[in-house]
Each structure stands twice: as structure tokens, then as C-alpha cells.
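A short reminder: the numbers here are calculations on the coordinates, not readings from a lab. These figures come from a predicted structure and were not determined experimentally. Using ideal geometry, Cβ is built from the backbone for each residue, glycine included, and neighbour counts are taken over all protein chains shown.
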Amino acid sequence: MGELINVALRFALYLDLTLLFGLALFSLYGLRGAQSRWRFRRPLAATLVLGALLSGAALLQLALSMSGATSLAELEPALLSALMLETAVGQSWLLRLAALLLAGVLLLFSGGWPRFTLYGLILCAAAALATLAWGGHGAMSEGGRHYLHLGSDILHLLGAGAWLGALAAFALLLRRDASEDEPQAGHLLDALKGFASLGTLIVIVLTISGVLNYLLIVGPDPATLSASTYGLLLSLKVAVFASMLVFAALNRFHLVPQLEQALHHGSPAAALPALRRSMLLELAAALLIVGLVATLGILSPAPE
């Protein structure tokens, strides 16, 4: 039961913080105008609050598993204090909480300097997301390998956040009541084109960091993948990632030009259903990958 709770918390926390970073980043390059950049203010505020609550729950769950206690009442304050101040995962938790708090302040006072505030929010969200690396296999390495693995994990997390956040943003923009008229469809097309170049960079970052993480955790021998549950789930993750690449290519080279042509003829609604379906399927694949990552983080890569 404890492992299921741990996986559920990890999934929720990974999803929440990737959405926070990805939506904030998308607001910078995918939306135009000072007012439009804060179009996702409510989702951003919700992910901020939820991120703080989930972080607290994850810390308490970690303390329970480390102490062997069966209830929160059995936890000693000294243990929580030592966990936060004397361990890397606890210190990363404090950093995450500070980043989320600062992001909340920036979001609250975003009216005065909208662009400056958005840059600050993106940096805080990136810092909060990066702290999740200390809860994975990278934190277990030693020496120079430790920093290489953590750096690779952080790049992987940021790349995943940028992609997942963009998919969530497109899902919101593609709602039927928000994308059927021509001006809104034009804004959507601009956002899709804005994501095109960044999407290529994201794929490169995810591929390089993913291969490096695989070599650091499993090793160069691909035969070890079939010798453990970790290897099988990792293979599934790679397959789902490949399906996302197919959807991304379909969107970029077929459905987006189709939307542009439909806009040229004044009938954008004809091209939106296919794009909407493709984006939702790609988003579903991304959510499955987040679930697999949450599970992989508590599994041993050693052959069974």
C-alpha cells in the first residue's frame, strides 16, 4: 500500500510541476501581448498551490517510510527536522518550497511588470521542477558521476515540462468554444508555429539526456532491459515516446499546414477536429510517460 501511495504522489507531483513550468514557458513564446501572456493565470495559480501541498505530502510519506511509523502521529519532529536539514532530498524540498512561494508572489503581483514577472515565474518553476531530480536514481550516484547524472535528469525534466506544458496549453486553446472563430484560430496557428522550433530542441534534449540516463543507470548492454521490471517499463516508455514523435510530426507537417490553408479560405473550423484529436492523443501519451517515470523512480534496475 505504501508503494502505491508513493507512486501516486510522485505521479501527481511530476505532473503538477511539469505543467507549472510548461504553461509558464508557453505563455512567453506562445501567447502575444501583455494581457494574453497571463491567459493561463488560473491554471498556474492552481498548480502552484497544488505543488506546495503535494510536496508536503511527499515529504511526510518519505518520513513515514524512513522511520517505519504507521501514522503521522508517530512521527517525531526531530526526524522531520533532520530530514529537511541534513539530507539532500530534504534540502531540495526546502528549495522547491521557496521557489513555489516566490512564484506565488510573482503571480500575485504580475500586473505591474508583466514580462519581468513572467521571466521570474519561469525561473522559479524551473527550479521547483529541477528539485525532483533529487528524488530519482541520479541522487544515488557518487563523485563526478553524481553531478553528471543530476544534470542530465534536470535537463530531461525541463524538456518534458516544456513539451507537456505546451500540449496542455494547446488542449486549452483547442476547446470548441475557444477556437472555432477565425481570430482565435489565427492565434492558435501562431502559437503552433512558435512551438515548432522549440519542439525540435525539446526532442533533441530529451533524446540525449534520456540516452545518457540509460547508460548511467542500466549500462550499455541492451539485454539487461528484459531482465527486470524496470527494463520492461523503460522499454514501454521509449515506445510511447516514439508514438509522441509520430503525433508531433503529423501535427507539424500535415495538420498545422492544413489549418493554415483552411484559415486562408476562411473556414478554420474544418481543420480543427483532426488537430484536436491528434493533440489529445499526444497529451494522453505524455500522461502515460509521466506515470511510467513515477513508477521507474522507485524500482531497481538490477536484473531480477
Histogram of C-alpha separations across the chain, 20 Å bin width, %: 31, 55, 13, 0
Förster-model FRET efficiency, 22 Å R0, ALA284 and LEU108, C-beta, rounded to 0.05: 0.10
Ratio of Rg to Rh over the stretch 137-304 (Cα coordinates, Kirkwood Rh, two decimals): 1.07
Extended-chain gain in nm, criterion 0.36 nm per residue less alpha-carbon gap, ILE204 and LEU80: 40.7 nm
Calculated P(r) of the stretch 1-135 - Cα pairs past 21 Å, %: 44 percent
Longest to shortest principal axis, alpha-carbon extents of the stretch 41-109, angstrom: 41, 22, 15
Chymotrypsin sites (Phe, Trp or Tyr not before Pro) restricted to the stretch 1-107 and DSSP loop, no more than 11 other C-beta within 10 Å: none
Residue-wise HN-Hα coupling along the stretch 237-246, computed from phi with Karplus coefficients 6.51, -1.76, 1.60 (Hz; x: Gly, Pro): 4, 5, 5, 5, 4, 4, 5, 5, 5, 5
